[in-house]
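*Asks:* Could you have a look at this structure, given as structure tokens, before my questions?
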Amino acid sequence: MKQVFSVSLMIIMFSGALVSQPAFAHNFVQNSDAGLIAKIQEFKVESKLIADNTSNSTLAQWHVSKSQEYWGSNEFGVLSQTNSSLATQLSTSIDDLYSMAGQQNADSVTANQTADEIGRLLDLAESEEVSSSSQNNATIQALAIVGVINEVLKDYGDAIGSKVDLTNMNNMNMNSSSSGSSMKGMSGMNGMSGMPSTQIVNVAAYQSAQALTDTAQNMFNNLQSIAPSGTSPYLDKVATALDELKQKIDAKETGNDVMMVVHEQIHPNLISAFNIQAVPEFPMPILLVMISFVGIIVMSRVIPSRLNAKK
């Protein structure tokens with residue numbers, strides 16, 4: 001009996017080892033200031049997109065819904081405690097913009113002016129709630145950029161109808177450059193570089209992915225002005241990767257192509273530049289190996305003891 005269980009578990013273990021890949025997800029440490037900075041930038045992007053799409057109810061309402069993921073009652077509650085007047089002004093401006101979303105006769109000039117006012121008020125909110133030390137801290141700014149880029153991946157995944165989470169690098173196909181057949185069955189990720197563009201199934205999400213990529217580049221430019229000089233070699237690579245990310249999204253390349261730029265170029269170099277803590281996730285095959293390993297040990301001890309007890 002012991003031999004049967006041991007052999008079975010060993011088969012599972014080695015099967016897992018054969019299919020496992022050295023891919024780990026980048027789970028960055030959370031920082032409240034970095035999170036708020038990212039949310040503010042993301043809301044500003046959605047506000048501008050609402051203004052740009054006021055005459056299109058479908059697109060405008062999608063951006064309204066998306067913006068509410070970044071700034072809502074919780075954020076207003078915190079800001080009200082810090083500066084109630086500012087919170088009231090911001091709430092009024094956001095309500096004005098929302099009211100114009102989808103109106104056929106909405107004045108685009110007024111809508112864009114309102115979006116600009118929201119951006120100005122959000123900048124004030126950031127100065128109220130984020131300390132100057134955090135605003136000038138390169139590591140916190142880098143984490144904020146990571147947050148924005150994660151939203152780029154989410155929106156691009158929605159834009160192309162991907163059935164996998166682009167923010168999780170365990171979903172990357174490491175052999176995409178050599179095997180087109182390996183991508184079959186992954187909606188929004190099939191096809192290879194140089195082939196026809198990936199189909200966009202959600203135009204609003206695609207707009208957000210493009211605009212957030214531009215925002216990430218602007219944030220990175222600001223980061224470079226406060227980053228320690230020793231980080232330059234890494235930041236040069238990040239700058240190149242951000243340009244490549246924009247090019248791939250504009251060209252509507254595959255989800256896998258976009259993922260690889262983020263997970264293999266942007267994230268690793270930001271981690272190296274600022275010693276950002278990233279907690280790796282074990283891919284399922286490796287986790288299976290570990291569970292099997294424990295199972296073998298348990299079986300090797302439990303079964304003999306039971307057999308001896310029966311004797």
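*Asks:* Cut-off is 10 Å between beta-carbons; in what order do GLU46, GLU117 appear when sorted fewest neighbours first?
*Replies:* Working: GLU46 27, GLU117 18.
Lowest count first: GLU117, GLU46.
*Asks:* Give me the distance in nm between label points sitting 7 Å out from Cα along the Cα-to-Cβ direction at THR110 and ASP250, one decimal.
*Replies:* Distance between label points: 3.4 nm.
*Asks:* Let me ask something else about it. I need the calculated FRET efficiency for the pair GLN81 and ASN221, taking r as the beta carbon distance and R₀ as 35 Å, to the nearest 0.05.
*Replies:* 0.60
*Asks:* So, in nm, how far is label LEU124 from label SER232 when the simple model puts each one 7 Å beyond its Cα toward the Cβ?
*Replies:* Each label point is offset 7 Å from its Cα along the Cβ direction, giving 4.0 nm.
*Asks:* In what order do SER197, SER85 fall by count of nearby beta-carbon atoms within 10 Å, going from fewest to most?
*Replies:* Sorted ascending by nearby Cβ count, the order is SER85, SER197.
*Asks:* Give, in nm to one decimal, the length gained when the segment between SER73 and GLN30 is fully stretched (0.36 nm per residue of separation minus the Cα-Cα distance).
*Replies:* Gain on extension, SER73 to GLN30, equals 13.4 nm.
*Asks:* Another question, then. Which of LEU121, LEU212 has the fewest other C-beta atoms within 10 Å, and how do the rest follow up to the most?
*Replies:* By the 10 Å Cβ count, ascending, the order reads LEU121, LEU212.
*Asks:* Given a cut-off of 28 Å, name the pairs among LYS163/LYS252; LYS163/LYS237; LYS66/LYS237 whose C-alpha atoms lie farther apart than that in the structure shown.
*Replies:* Beyond 28 Å: LYS163/LYS237; LYS66/LYS237.
Read-outs throughout are calculated quantities, based only on the coordinates presented, and are distinct from any laboratory measurement. Note that this is a predicted model, so its numbers are computed, not measured. Ideal geometry is used to build each Cβ from the backbone, glycine not excepted, and the neighbour counts take in all protein chains shown.
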